[in-house]
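The values are calculated or read from the model by the stated rules, or taken from the named source; none is laboratory data. The structure presented is a predicted model; accordingly, all values stated were derived computationally and were not measured. Positions of Cβ are backbone-derived with ideal geometry, glycine not excepted, and every protein chain shown enters the neighbour counts. Protein only, heavy atoms only, side chains kept; ligands, DNA and RNA dropped before computing areas. Shrake-Rupley method; radii C 1.70, N 1.55, O 1.52, S 1.80 Å.
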Protein chains: 2
Amino acid sequence: MLEPERSEPELTAGIRRGERRALAKAITLMESSRADDDRRAAALLESLPAPDEPALRVAISGPPGAGKSTLIETLGLRAVASGLRTAVLTIDPSSRRSGGSILGDKTRMPRLSAHPLAFIRPSAAGTTLGGVGRRTRETMTLLEAAGYGLILVETVGVGQSETEVDGMVDLFVLVLLPNAGDELQGIKRGIMELAGLILINKADGVFTQAAELTHAQVSAALPLLHREKNDAGWQPRVLMVSALEERGIDQTLEALRTFQRQMTANGALAKKRLRQASGWMWDRVHDGLRQRFLADPAVQRLAAELEPQVRRGEVGAVMAAERMLRVLDGSGNGNHVGNH
Amino acid sequence: MLEPERSEPELTAGIRRGERRALAKAITLMESSRADDDRRAAALLESLPAPDEPALRVAISGPPGAGKSTLIETLGLRAVASGLRTAVLTIDPSSRRSGGSILGDKTRMPRLSAHPLAFIRPSAAGTTLGGVGRRTRETMTLLEAAGYGLILVETVGVGQSETEVDGMVDLFVLVLLPNAGDELQGIKRGIMELAGLILINKADGVFTQAAELTHAQVSAALPLLHREKNDAGWQPRVLMVSALEERGIDQTLEALRTFQRQMTANGALAKKRLRQASGWMWDRVHDGLRQRFLADPAVQRLAAELEPQVRRGEVGAVMAAERMLRVLDGSGNGNHVGNH
């Protein structure tokens, strides 16, 4: 970090006061891949008091082209207009290679970015895990401590990642296009089963009729789905929305609020978060293993030697990996992670 | 393993003779998550001689519902009919939870499964990496050594995983539906850029005209794409195919052969594989780190203690992860991975 580092207590205090700058700094600390930053990040997270009221954590998923970004901005604007502090976590697909500047992404939600009650944070696509940022859970915890009441997580990709994302949030929202048709736009049954709320987007203009048909189809299909992951006591809903005509936006916000109220009252939300915690623990363990290994100077030296040989075909990838892993057996002091 | 284990030299010999049983056993060994199996697997891979002629490794990707499975079976049947030994690696989406029996998947390609020159191997979805099996690269190496000339890898999911898959194969094939329309079925530009061959599937019956339109659209779009990952000297092609009417199947096989011939002659294929090797090395390193850590009895004891506490909310996920990772610092003998 180029700027002088703020101590954890300072950051903690800044976050609790809802300071955007402290929040941004803390998220950057979370996303750092340096092993010592990781320990500082863990200490910071542990230092945060439980929020007075948990935020509602919502994943917004759906096929590319379904209009997720515009819908999130419209929904976010309505939420902040009602006084609800709203945070949006997005993935910037353009930053996969650079891994660096991600400021460009903010322009995707220009009006919401400018609002004092909103906080938008894009993660570089290169650092993602299951279609969301690698540190989405940690970031949500910070946002909650900073007083954000609604956290919208935009996911990228359709397919493998939904189950993982569902394991991080309170509510999984699926955005569909009006022309769902027979195969529901290739959305796999398993994904429908995760959704507690399904939004038929772009229900406007010439698409209105198609949206109504899709709404009817999805509504008819819902009771047939085997919802083994069902949120206890919550009946999934289907709504028609239009970001363009701002149709269904109030109903969507109302559905989110109802979900939160109902699932808090019956204790299901608290139970869900506890179920998710062990997945979170393991993700941090695996990430930590990787970071510590790479921080070892012996590993770095060996990698610098082996990588070019592998690229020239002089050493096979499998043999090279075995040699790297042998560093674990060879170190004499029981601390292969380096002593920094 | 319940059956008596075969030694690596026996397995190596069996694979070189093209024995299906030896091949299946070796793949199971590759997919094992036991640290000692992992070392045996590495030794086996190292013992395999380079094949006389490398197989063509092809990823078949595309949105769910595009008809990938049927197309792969049709293509595979045509390939084996021409005497080409063909292997298919698939993901069984239904096995995410069980992680166990995956025999059911074979029924998805019943005719190809029955052919003596074909080998079909489904991986459980729970063990996937980037939309393909966790050990796809290792399995392809085995198949190549066993004399398979064409390896078709079916991917699941659209979105994040394509770049990863492209990093494992020689050629990335994208299957689209005839009604691509303006947004090309939500297929992101980045994915189009990976494809060396684009197949407009279901180009039959009432869809023929739509397929022709899509073909024209995609053909027109191709030269505009910024193909920075382009395979040197290969001009991407677009073909209309129909598994139902077996249309375009010969042309597809011919395109695969041309790709292999051309890219072998100009050395691009060999270069591509070397570029991919360092990614393979790192994947194995990270996987090995994880396996060795979990094999440590101290880690297992701590996990058994912490996991229930995390699930009851008595210990936070972040703190629990820190405590698990501290095992690395605490062991006195420099070998935290256990001595087995």
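Of all the criteria given as (1) within 13 Å of chain B (Cβ to nearest Cβ); (2) closer than 30 Å to residue A:245 by Cα, the one not satisfied by residue A:54 is (2). Yes or no: residue A:301 in a helix (DSSP H, G or I) and either crowded, with 19+ Cβ neighbours inside 10 Å or at pLDDT below 95 (or both)? In short, no. Checking each residue in the range A:304-332 for being open to solvent by 70 Å² or more (accessible area, probe 1.4 Å), part of a helix (DSSP H, G or I) and within 9 Å of another protein chain (Cβ to nearest Cβ) picks out only A:311. Checked against the criterion of being under 13 Å from the mean Cα position of the chain (by Cα), within 14 Å of chain A (Cβ to nearest Cβ) and modelled with pLDDT of 85 or more, the candidates B:164, B:138 yield just one match: B:138.
Which members of the range A:48-67 meet the condition of being modelled with pLDDT of 90 or more and either in a helix (DSSP H, G or I) or of a type in the set (D, E, K, R) (or both)? Answer for the range A:48-67, where residues must be modelled with pLDDT of 90 or more and either in a helix (DSSP H, G or I) or of a type in the set (D, E, K, R) (or both): just A:57. Here is the figure for the range B:38-75: residues that are within 16 Å of the chain's Cα centre (by Cα) and small (Gly, Ala, Ser) total 5. Kindly indicate whether any position in the range A:274-288 is closer than 20 Å to residue A:173 by Cβ and open to solvent by 80 Å² or more (accessible area, probe 1.4 Å). Yes, the range A:274-288 contains a residue that is closer than 20 Å to residue A:173 by Cβ and open to solvent by 80 Å² or more (accessible area, probe 1.4 Å).
Scan B:252, B:258, B:264 and give me the residue that is at pLDDT 90 or above and surrounded by fewer than 15 Cβ atoms within 10 Å (Cβ to Cβ). Spell out the reasoning first.
Working: B:252 fails: surrounded by fewer than 15 Cβ atoms within 10 Å (Cβ to Cβ); B:264 fails: surrounded by fewer than 15 Cβ atoms within 10 Å (Cβ to Cβ).
Only one candidate qualifies: B:258.
Taken over the range A:50-67, the residue count meeting the criterion of being on the phi < 0 side of the Ramachandran plot and open to solvent by less than 50 Å² (accessible area, probe 1.4 Å) is 11.
Test residue B:295 against the criterion of being open to solvent by 10 Å² or more (accessible area, probe 1.4 Å) and facing another protein chain (nearest Cβ under 7 Å), and give yes or no. Before the answer, list the steps.
Values: open to solvent by 10 Å² or more (accessible area, probe 1.4 Å): yes; facing another protein chain (nearest Cβ under 7 Å): no.
Considered against the rule, which asks whether it is open to solvent by 10 Å² or more (accessible area, probe 1.4 Å) and facing another protein chain (nearest Cβ under 7 Å), residue B:295 comes out as no.
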